[in-house]
Structure formats: C-alpha cells, structure tokens
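Note sheet for the following structure.
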Amino acid sequence: MASQLTFTMFFVVVALLLSMAYATPGTATFYTQYVPSACYGNQDKGVMIAAASDALWNNGAICGKVFTVTCTGTTNPYPHPCTEKSVTVKIVDHCPGCGGTLDLSKEAFATIADPVAGVVKIDYY
C-alpha cells in the first residue's frame with residue numbers, strides 16, 4: 001500500500017512539473033460583459049471564461065479550448081498582485097486589440113490576481 005501511495009505521489013509531482021514546463025508566458029487583462037460572445041452568441045457559458053487576443057484567435061479555431069492560467073507577476077507598479085492560485089477558463093470570445101494575451105472574466109482574473117492591478121503577467125497551458 002505504501003509503495004502504491006509513493007508511486008501515485010511521484011506521478012502527480014511529475015505531471016505538475018511537466019505541465020509547468022509547457023506553460024506559455026503572456027499577459028492577462030479582464031472584462032465584465034460576457035454575452036454575447038464571438039464563439040457562442042447569446043449562450044451563457046458561466047464566469048470562468050476568457051477572450052482570446054488577436055494572436056491566439058486564428059479565425060475562431062480557439063473557441064472552446066480550455067486553459068489553466070497562473071499569475072506570475074506584475075506589469076505595472078502595483079505591488080504583489082498574484083494570489084498564488086490558478087484558474088481554468090474556457091475561450092468563449094475574441095478580444096480584438098486588447099492589451100493582453102488572454103482577457104479573463106473578472107471572476108477568473110480575481111482568482112489569480114487583484115483586479116486593481118488591471119494587467120498581470122501569466123503562464124497558461
């Protein structure tokens with residue numbers, strides 16, 4: 001039993017390290033009006049959602065993709081914005097010309113950072 005628990009813990013640690021190794025750096029902003037969306041029209045997809053920047057949009061091919069997002073630091077003088085938590089979001093919209101890689105719902109942003117910061121550095125995968 002102890003060896004099975006040790007193996008399971010080892011597997012979890014390796015999976016976590018691999019997922020972090022494949023994370024992509026970017027920036028996140030937030031928005032507050034979720035419907036209608038470019039991907040789903042007037043369908044409500046909840047609040048753990050995000051809009052993709054022009055660089056990710058790819059004519060909507062990213063719609064429905066799920067990302068785990070973690071705040072990694074500040075982009076402005078606001079000190080220590082990160083909460084040390086991660087959030088999983090679904091791409092439901094396009095954010096043409098927005099200032100970040102991902103435009104998170106305010107609820108998703110507040111999970112990873114203080115919204116007063118406005119923009120934060122992130123890793124996402």
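The values are calculated or read from the model by the stated rules, or taken from the named source; none is laboratory data. Being a predicted model, the structure only gives us computed values, none of them experimental. Cβ atoms come from the backbone with ideal geometry, glycine included; neighbour counts cover every protein chain shown.
Things worth noting here:
- The set of residues from segment 84-101 being among the hydroxyl-bearing types (S, T, Y) and either in contact with a Pro (Cβ under 8 Å, 6 or more places away or on another chain) or under 10 Å from S53 (Cα atoms) (or both) comprises just one member, T101.
- Neighbours by Cβ (under 9 Å, 6+ apart or cross-chain): first from segment 112-125, free of Cβ contacts under 8 Å to residues at least 40 places away in the same chain; second of a type in the set (V, I, T) and buried (at least 18 other Cβ atoms within 10 Å of the Cβ): D114/V120
- Check on S19, closer than 20 Å to L102 by Cβ, out of contact with any Asp or Glu (no Cβ under 7 Å at 6 or more places or on another chain), at pLDDT below 95 and assigned to a helix (DSSP H, G or I): yes
Each row is one residue, and each column tells you yes or no for (1) without any contact (Cβ under 8 Å) to a residue 60 or more places away in the chain; (2) within 20 Å of Q43 (Cα to Cα); (3) among the acidic types (D, E).
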site: G60; (1), (2), (3): yes, yes, no
site: G64; (1), (2), (3): yes, yes, no
site: P77; (1), (2), (3): yes, no, no
site: G100; (1), (2), (3): no, no, no
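- Residue in segment 68-115 that is surrounded by the fewest Cβ atoms within 10 Å (Cβ to Cβ), counting only those that are of a type in the set (K, R) and outside any strand (DSSP E or B): K85
- Between C98, C39, the distinction of being over 16 Å from D123 (Cβ atoms) and out of contact with any Gly (no Cβ under 7 Å at 6 or more places or on another chain) belongs to C98 only.
For (1) under 19 Å from T24 (Cα atoms); (2) at pLDDT below 95; (3) more than 15 Å from the chain's Cα centre (by Cα), each residue gets a yes or a no:
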| residue | (1), (2), (3) |
| --- | --- |
| C39 | no, no, yes |
| N59 | no, no, yes |
| C63 | yes, no, no |
| T68 | yes, no, no |
| H80 | no, no, yes |
| V87 | yes, no, no |
| V92 | no, no, no |
| P115 | no, no, no |
| Y124 | yes, no, no |
